[in-house]
Amino acid sequence: MPLALLALAVSAFGIGTTEFVMMGLLPHVADDLGTSVPTAGHLVSAYAIGVVVGAPLLTAVGSRIPRKRMLLLLMALFTLGNLASALAPGFGWLIAGRFLAGLPHGAFFGVGAVVAARLVSEGRRARAVATMFLGLTVANIIGVPAATLLGQHLGWRATFLVVAAIGLCAMAALARLVPYVPVDAHQGLGRELRALGDRQVLLGLLTAVLGFAGVFAVYSYLSAMTTEVMGFGESSVTLVLALFGIGMTLGALAAGPLTDRALRPTLYGSLGALAVVLLVFPFAAHVRWAALVTVVLLGGVGFMTTTPLQMLVMNKARHAPTLASASNHSAFNLANAGGAWLGGAAIAAGWGWTSPALVGAALAVAGLAVAVVAGLLDRDRPSPSRIVAGAEAEARTALGEVRANAR
């Protein structure tokens, strides 16, 4: 694999750390800024909104900028957002800093996925994209627990200063390792928007919203489930979250080669497995060893969906994939917000701490249904090779008629 993928993975590590670390720092931020934990929870939403807004907006603005320069600009904005968060004088400024840090998230992964795919041969593109995503998964094993501990001992501001430093390191790696990747001469915002409007692209985005919402319906409340249902102490929460991160990493490692070999079957299998794991979760959660195994499996099958979804959207928008690729991360963050909201609604309704898993299973099944429908519809759509073959056949027929008439 090219070393440029390492630079993309380092960048993904920083992004993943800042995205998820706030969940572990909420009590400390709330105490320091004199607000409640539920109010401090808006800091998570501010980042997610930044991703949803920034992915299509920044991708559109940068549609004519060479890929390497665009990656550097996005990482600079990410670094600035984390620095602003660390230096925020009050809660409102911290909200603004989190929003700013979230803006480049989707655009970076969208552009980064296109660059990663272009660095390797056709048959290894999914593995290249999965390698970039490994940085995001490793962040959940190492980055988030370490940053949480740092924040607990040195204050939450120190966490964001360190993430800003990671951003600077990522910029240096991008500048040194990523080659110049030009923008397609025919590529522009109009072409990107037309590709985004493709039926298969839209169905892929809807699959991401529904299917991945099933993961976040549980993950958003995994800390509470650890103490309230599994019977572990608060000190074990970091371990459980790290196990989820290990599962994510294993899922990403498996997803790359599987997607290269069979994209849609990998997507169907991962969504189906996700639904099964979520159905089992309420029962396994009451047995400690089974709960830990299920957490790893949940992270694995949940994250196994991301690479095939990313490649599906990029393939169906192959002539202008950047905006569609970035919008996929908007879809993932809509899944984050929607899954957390639906899971919380189930708990608030008195259905129990493990009820979000059943909500998540229903969402995963809905995502699988959309994916299957999209696959069936795609069978009826002629592939480019068949279009070319048909055009050649028509040309040969017309040429034969011309020759016959000439005789």
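The values are calculated or read from the model by the stated rules, or taken from the named source; none is laboratory data. This is a predicted model, so every value here is computed, not measured. Note: ideal-geometry Cβ built from the backbone for every residue, glycine included; neighbour counts use all protein chains shown. The protein model used for the area step is the full one, side chains on, heavy atoms only, and it has no ligands, DNA or RNA in it. Shrake-Rupley method; radii C 1.70, N 1.55, O 1.52, S 1.80 Å.
Which of the residues that make up region 64-79 are closer than 19 Å to N328 by Cβ and surrounded by fewer than 21 Cβ atoms within 10 Å (Cβ to Cβ)?
Correct list: R67 only.
Looking only at region 197-217, count how many residues are over 19 Å from R264 (Cα atoms) and open to solvent by 40 Å² or more (accessible area, probe 1.4 Å).
Residues in region 197-217 being over 19 Å from R264 (Cα atoms) and open to solvent by 40 Å² or more (accessible area, probe 1.4 Å): 1 in total.
For region 334-345, enumerate the residues that are of a type in the set (G, A, S) and either open to solvent by 10 Å² or more (accessible area, probe 1.4 Å) or without any contact (Cβ under 8 Å) to a residue 12 or more places away in the chain (or both).
Scanning region 334-345 gives A337, G338, A340, G344, A345.
Being under 18 Å from the mean Cα position of the chain (by Cα) and aliphatic (A, V, I, L, M) is the filter; apply it to region 259-278 and report the residue that is farthest from G375 (Cα to Cα).
In this case the residue turns out to be L274.
Give Y180, Y221 a once-over and let me know the one that is in contact with a Phe, Trp or Tyr (Cβ under 8 Å, 6 or more places away or on another chain), modelled with pLDDT under 90 and open to solvent by 50 Å² or more (accessible area, probe 1.4 Å).
Values: Y180 fails: in contact with a Phe, Trp or Tyr (Cβ under 8 Å, 6 or more places away or on another chain).
The conditions single out Y221.
Could you list all residues from region 258-296 that are assigned to a helix (DSSP H, G or I) and open to solvent by 50 Å² or more (accessible area, probe 1.4 Å)? Walk me through how you get there before you give the answer.
Initial filter on region 258-296 (assigned to a helix (DSSP H, G or I)): 258-261, 263-284, 288-296.
L258, R261, P265, Y268, V276, L279, V280, F283, R288, W289, V293, listed by residue number.
Could you run through region 90-104 and say how many residues are of a type outside the set (G, A, S) and either without any contact (Cβ under 8 Å) to a residue 12 or more places away in the chain or open to solvent by less than 10 Å² (accessible area, probe 1.4 Å) (or both)?
Step one: list which residues in region 90-104 are of a type outside the set (G, A, S), which gives 91, 93-95, 98-100, 103-104.
Narrowing the set further to residues that are either without any contact (Cβ under 8 Å) to a residue 12 or more places away in the chain or open to solvent by less than 10 Å² (accessible area, probe 1.4 Å) (or both) leaves 93-94, 98, 104.
So the count comes out to 4.
Whether any residue in region 75-84 is under 21 Å from L33 (Cα atoms) and not hydrophobic (A, V, I, L, M, F, W, C) is what I want to check.
Yes, the conditions are met somewhere in region 75-84.
Quick check: anything in region 316-333 outside any helix (DSSP H, G or I), open to solvent by 20 Å² or more (accessible area, probe 1.4 Å) and within 21 Å of V280 (Cβ to Cβ)?
no
Which members of region 1-49 meet the condition of being crowded, with 18+ Cβ neighbours inside 10 Å and of a type in the set (D, E, K, R)?
Hit for region 1-49 is E19, nothing else.
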